[in-house]
Amino acid sequence: MAAAARLPRTEARVLSGHEGAVLAVRFNRDGNYCLSCGKDRIIRLWNPHTGAFVKPYRSHGREVRDVNSSSDNAKLVSCGGDRQVFYWDVASGRVIRKFRGHNSEVNSVKFNEFNTVVVSAGYDRTVRAFDCRSQSSDPIQTIDTFQDSVMSVNVTNTEIIAGSVDGTIRTFDIRMGRETVDNLGHPVNCISLSNDRNCLLANCLDSTVRLLDKSTGELLQEYKGHTCKSFKMDCCLTNDDAFVVGGSEDGNIFFWELVDAPVVASFRAHSSVVTSVSYHPTRACMLTSSVDGTIRVWT
């Protein structure tokens with residue numbers, strides 16, 4: 001398969017500097033920079049294409065579990081063990097606001113399309129939305145229909161989509177105020193959207209990645225071969241939506257062909273659990289992070 005031959009599996013460089021597990025690494029919107037966070041409570045901004053470390057962001061008092069940048073690269077949002085959601089100014093490194101409301105650790109955080117609202121998911125079984133333009137630190141909306149910890153959240157123009165240990169993916173139509181529930185029957189620890197926004201990818205704790213039709217909830221495909229039983233680990237699609245990418249608790253990375261689901265490539269990327277994968281928006285380039293304390297750039 002010619003397309004599979006072009007998948008990034010050559011290590012270009014290692015980004016070192018975190019002490020302890022790196023829990024997430026994310027490309028920014030245009031793919032020129034990336035953000036990482038982890039057990040050492042520090043968020044780091046890098047140029048992954050040169051290996052240059054650009055800036056640290058220090059204010060968290062506990063581990064940082066997720067970080068994301070706004071589409072204009074001017075702001076960051078982060079979350080973790082502090083129970084608060086931190087909203088940062090990128091250039092100055094200053095915390096603009098700490099959003100409160102969660103009463104336990106926060107697992108996942110995203111900006112909406114317009115960078116005006118931040119949405120977070122927590123161990124307290126809630127998803128909360130905060131207004132970046134307001135001076136208030138309290139949520140403008142709280143969704144509390146989950147039966148267990150909410151591990152992952154995504155935001156579209158009109159929807160908040162979240163995956164939970166209770167085995168469900170819940171979609172909230174913001175305009176209609178309507179909730180749809182897809183029950184996968186296994187704890188969900190990561191969800192991501194296809195680039196065409198038509199499909200949902202869910203990493204479940206039965207060592208299976210599942211592909212759903214976003215509008216109907218129909219199960220389209222399952223991807224297996226990796227180990228995912230006790231760690232929160234990302235999954236995503238390549239930028240052309242042709243392949244599914246996921247990490248494994250044994251340090252391997254897997255690529256599956258989207259439609260028929262065979263493993264088209266797998267390789268040892270880290271010496272321990274792969275916590276996250278991030279795929280470049282336009283190029284054959286990928287970032288991985290691990291409990292082993294490193295971030296690796298693959299081309």
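Just a few scattered comments:
- Rounded to the nearest 20, the Cβ-based charge dipole of segment 150-299 about its Cα centre (Lys and Arg +1, Asp and Glu -1) stands at 340 debye.
- Projecting the Cα atoms of Asn32, Val118, Val188 onto the charge dipole of the chain (Cβ charges, centred on the Cα centre) puts Asn32 farthest toward the positive pole.
- Test item: Cα-centred dipole of segment 32-78, Lys/Arg +1 and Asp/Glu -1 on Cβ, debye: 180 debye
- Only Lys, Arg (+1) and Asp, Glu (-1) charged, at Cβ; the chain dipole about Cα centre in debye: 1040 debye
- Two-site FRET efficiency, Val181 against Arg94, from Cβ-Cβ distance with R₀ of 41 Å, rounded to 0.05: 0.55
- C-alpha center-to-center spacing [segment 233-266, segment 5-79] in angstrom: 21 Å
- Shape of the chain, Cα gyration tensor, a/c cut at 1.5: oblate
- For Thr10, the solvent-accessible surface computed with a 1.4 Å probe is close to 90 Å², ligands and nucleic acids excluded.
- Where a label projected 7 Å from the Cα of Asn195 along Cα→Cβ would reach, residues of segment 29-43 with amide N under 20 Å: 29-35
- Simple label model, 7 Å out from Cα along Cβ direction - Ser215 to Asp138, nm: 3.9 nm
- Segment 1-87: GluC sites (Glu not before Pro) falling in loop per DSSP and having at most 15 other Cβ within 10 Å: Glu19
- Top positive-direction residue, dipole computed over segment 11-298 with Cβ charges, set Leu211, Thr275, Thr171: Thr275
- Cβ-defined net charge surrounding Trp46, 11 Å radius [Lys, Arg +1; Asp, Glu -1]: +4
- Only protein heavy atoms count here; on that basis, with a 1.4 Å probe, Asp196 has an accessible area of about 80 Å².
- Its alpha carbons give segment 1-77 an Rg and a Dmax of 13.9, 48 Å.
- Spin-label model, Thr145 to Phe53: label points 7 Å out along the Cα-to-beta-carbon direction sit 4.5 nm apart.
- The relative contact order of the chain, computed from alpha carbon pairs under 8 Å that lie at least 6 residues apart in sequence, is 15 percent.
- Rounded to the nearest 10 Å², the accessible area of His102 at probe 1.4 Å: 10 Å²
The values are calculated or read from the model by the stated rules, or taken from the named source; none is laboratory data. Please read all numbers here as calculations on a predicted model, not as lab measurements. Backbone-built Cβ (ideal geometry, glycine too); neighbour counts: all protein chains shown. Protein only, heavy atoms only, side chains kept; ligands, DNA and RNA dropped before computing areas. Shrake-Rupley method; radii C 1.70, N 1.55, O 1.52, S 1.80 Å.
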